[in-house]
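I have a structure I would like to understand better, so I am pasting it below and will then ask my questions one at a time.
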Amino acid sequence: MNRCVMTALFILFVSVSFAADLPRSTPEAQGVPSAALLSLVESLDQIDSMHSLMIVRHGHVIAEGWWTPYSAQSPHVLWSLSKSFTSTAAGLAISEGKMGLDDEMLKAFPEDAPAEPGANLKLMRVSDLLRMQTGHQQEPKRLPDQAWTKTFLNQPVPFKPGTHFLYNSMGTYMVSAMVQKATGKTVLEYLQPRLFEPLGIEKPTWELSPQGICAGGWGLAIRTEDIAKFGQLYLQKGNWNGKQLVPETWVAAATARQTSNGSNPKSDWDQGYGYQFWRCRNNAFRGDGAFGQYCVVMPDQDMVLVITSSLKNMQNPLDLVWEKILPACKPAALPPDNETNARLVTLLKNATVRPQEHTATPAKVFSKSYTFAANDRKLESVKWSGEGKDRSTKLAIRLNGVDQEIMCGRGQWVKGRGAWGVLKDQPIAASGGWTTDDTFKAKVCFYETTSTVTMTLKFSGNEVQFGTEMNVSFGPSKDVPLVGKAE
């Protein structure tokens with residue numbers, strides 16, 4: 001075999017080994033009893049807000065599951081877990097000499113600076129952005145008619161940077177903007193050959209600002225296993241298959257306690273903050289995002305835990321992990337427990353977000369089209385159609401001039417596409433049923449996000465009251481019902 005062929009095969013082997021998924025193992029082979037994992041999953045399943053779970057020990061996946069309609073193949077929005085990836089981009093740019101921790105932010109955007117910048121704004125540096133110590137009292141808000149960088153720079157800075165902790169997603173956006181300014185590439189483009197490709201993270205997407213800059217503090221979407229690989233990379237101090245992808249010094253600094261952010265010993269949000277990573281109890285650290293997107297790295301246990309979910313109480317899962325998993329971890333392999341492991345695998349394989357309950361039968365058929373007066377939700381009409389042979393129900397909705405059909409499974413999820421409000425056209429799964437003789441409810445799960453919209457249709461004569469409620473939201477979650485008239 002000639003040298004060129006051998007070289008090509010070696011490159012192919014390296015590429016495949018980089019892109020491969022993590023190896024699988026039984027929990028006992030990695031020193032964790034299946035019983036402890038089963039107890040954790042049973043507790044998480046009762047919350048009915050879970051989307052996925054993956055646990056990695058000694059580099060091997062020992063538990064994994066997706067709650068239908070979420071799946072292993074589908075990307076999932078990370079919300080603020082995106083910040084840890086932006087931090088990584090900053091660390092790489094710094095290691096390549098393209099920018100520095102002490103770079104003054106104002107000098108990077110002179111075109112967006114106020115006419116007379118204050119003394120504290122002049123002092124703000126990259127390290128202050130990364131530590132959430134910009135000196136702001138309030139996070140700058142995004143304005144529709146102004147560049148986000150300009151909005152940030154024109155926000156009052158009452159505190160000296162480096163002295164006051166304020167969680168600030170727009171600060172992370174400015175890190176993203178500075179990386180782009182320094183490298184000539186968006187954070188997504190910059191990380192592609194340096195992080196995503198070596199880890200085998202395929203087709204990552206990242207929300208852009210109107211100015212074409214990755215949002216930085218939010219907006220990244222990747223698969224559950226991709227998150228686990230990222231956590232494993234940081235557990236391995238930036239090394240992946242023998243190659244140092246991220247400098248070990250950056251991993252140490254980014255995950256160390258760079259600033260104090262509270263004093264409650266029982267809160268995992270009061271243990272200190274690094275460079276876009278949270279410190280946890282039990283000497284762990286994590287990236288996390290709104291409504292329960294976690295990448296928890298536990299160096300003492302050589303373990304990584306990933307959760308995606310739609311939680312309202314984000315402390316709850318961490319409490320369960322500390323209670324049920326950490327004490328159970330052993331330094332050596334345990335005897336096989338095939339029976340309990342089979343129960344664990346079955347529970348995770350059959351896990352599902354609860355579909356809409358069906359508890360009544362309508363006294364009459366309401367298969368009419370109902371139209372709505374002009375409204376800020378831009379809902380124009382809705383029509384319920386009776387069950388088909390597969391017991392699915394069709395909702396025909398005209399929203400903002402676009403017709404869409406939502407197939408609702410009875411007692412199960414039916415996949416399709418849909419849109420609602422800020423949730424643009426994308427994959428959905430729906431389940432519907434009659435809760436009383438005159439009320440039909442449909443759960444519409446946007447399963448690449450954290451959002452499920454519950455639509456309630458209450459029929460009365462020639463009218464229908466149409467209301468919606470979000471499972472999780474940054475603002476009001478429930479709308480005042482609209483009244484539609486039968487045509």
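To the nearest 10 degrees, how steeply does helix 3-19 sit against the main Cα axis of the chain, on a 0 to 90 scale?
Tilt of helix 3-19: around 60 degrees.
Using per-residue counts of other Cβ atoms within 10 Å, averaged over each peptide, order 265-277, 462-474 from highest down.
Working: 265-277: 19.6, 462-474: 16.7.
Final packing ranking: 265-277, 462-474.
What is the angle, in °, between the Cα long axis of helix 338-349 and the longest principal axis of the Cα atoms in the chain? Nearest 10 is fine, range 0 to 90.
In the chain, helix 338-349 runs at an angle near 70 degrees to the longest axis.
Angle between the Cα long axis of helix 34-47 and the longest principal axis of the chain, 0 to 90 degrees, nearest 10?
Its long axis makes an angle of about 50 degrees.
Residue by residue, what Karplus-based ³J(HN,Hα) values in Hz, rounded to whole numbers, does the stretch 60-73 have, using 6.51, -1.76 and 1.60 with θ = phi - 60° and x for Gly and Pro?
Taking θ as phi minus 60°, the curve returns 10, 6, 10, 7, 7, x, 10, 7, 3, x, 5, 8, 5, 7 Hz for the stretch 60-73.
When only alpha-carbon atoms count, how far does the stretch 369-486 stretch along each of its three principal axes, as whole angstroms with the largest first?
37, 36, 25
I'd like the distance between the alpha-carbon centres of the stretch 114-173 and the stretch 229-307, rounded to an integer number of Å.
24
Of G409, G432, A419, which is farthest towards the positive pole of the stretch 369-486's charge dipole, taken about the Cα centre with +1 and -1 on the beta-carbons of Lys, Arg and Asp, Glu respectively?
G409
Taking a ≥ b ≥ c as the square roots of the Cα gyration tensor eigenvalues, with a/c under 1.5 meaning rounded and otherwise prolate when a/b beats b/c, else oblate, which class fits the stretch 47-90?
Details: a/c = 2.30, a/b = 1.32, b/c = 1.75.
Oblate.
Suppose every K and R has +1 on its Cβ and every D and E has -1 on its Cβ; what is the size of the dipole of the chain about the Cα centre, in Debye to the nearest 20?
Values: 50 positive and 47 negative charges, 56 e Å.
Dipole of the chain, to the nearest 20 debye: 260 debye.
Could you order peptides 47-57, 144-154 by the average number of other Cβ atoms within 10 Å of their residues, highest first? Before the final figure, lay out the partial values.
Values: 47-57: 23.2, 144-154: 17.3.
Going from most to least packed, we get 47-57, 144-154.
Relative contact order of the chain: what whole-number percent is it, with Cα pairs under 8 angstrom and at least 6 residues apart?
Relative contact order for the chain comes out at 16 percent.
Now for a separate question. Can you list the residues, at least 5 places off or on another chain, whose amide H is less than 5 Å from the amide H of T205, using H built in the peptide plane?
Result for T205 returns A221.
Full-extension gain between R377 and E323, please, as 0.36 nm times their residue separation minus the C-alpha to C-alpha distance.
15.0 nm
Here is a further query. For the chain, what does the equivalent ellipsoid look like in terms of its semi-axes, each the square root of 5 times an eigenvalue of the Cα gyration tensor, given largest first in whole Å? The partial results should precede the final answer.
Numbers: eigenvalues 321, 201, 93 Å².
Each semi-axis is √(5λ); the values are 40, 32, 22 Å.
Can you list residues whose amide H is under 5 Å from K312's amide H, if they're 5+ apart or on another chain and H is modeled 1.01 Å from N?
Residues meeting the criterion, in which the H sits 1.01 Å from N, do not exist here.
Which whole-Hz ³J(HN,Hα) couplings does the stretch 145-155 yield from phi under the Karplus relation 6.51 cos²θ - 1.76 cosθ + 1.60, θ = phi - 60°, glycine and proline marked x?
Listing the rounded values in order: 10, 9, 4, 4, 5, 5, 4, 4, 5, 9, 7 Hz.
Going by average Cβ density within 10 Å per residue, which order do the peptides 160-167, 209-216 take, highest to lowest? Don't skip to the answer; put the middle values down first.
Working: 160-167: 16.0, 209-216: 19.6.
Final packing ranking: 209-216, 160-167.
Another question about this same structure. How many lysine pairs does the stretch 155-289 hold where the Cα atoms are under 24 Å apart and the two sit 8 or more places apart or on different chains? Intermediate results must be reported in sequence, preceding the final value.
On the way: K181/K203; K185/K203; K185/K229; K185/K243; K203/K229; K203/K243; K229/K237; K229/K243.
Taking the stretch 155-289 as the scope, the lysine pair count is 8.
How large is ³J(HN,Hα) for each residue in the stretch 113-124, as worked out from phi by the Karplus curve 6.51 cos²θ - 1.76 cosθ + 1.60 (θ = phi - 60°), to whole Hz, x for Gly and Pro?
Listing the rounded values in order: 6, x, 4, 10, x, x, 4, 5, 4, 5, 7, 5 Hz.
Throughout, read-outs are computed from the coordinates displayed, never taken from laboratory work. Nothing here was measured: the structure is a model prediction, and the numbers come from that model. Neighbour counts run over all protein chains shown; Cβ positions are idealised from the backbone, glycine included.
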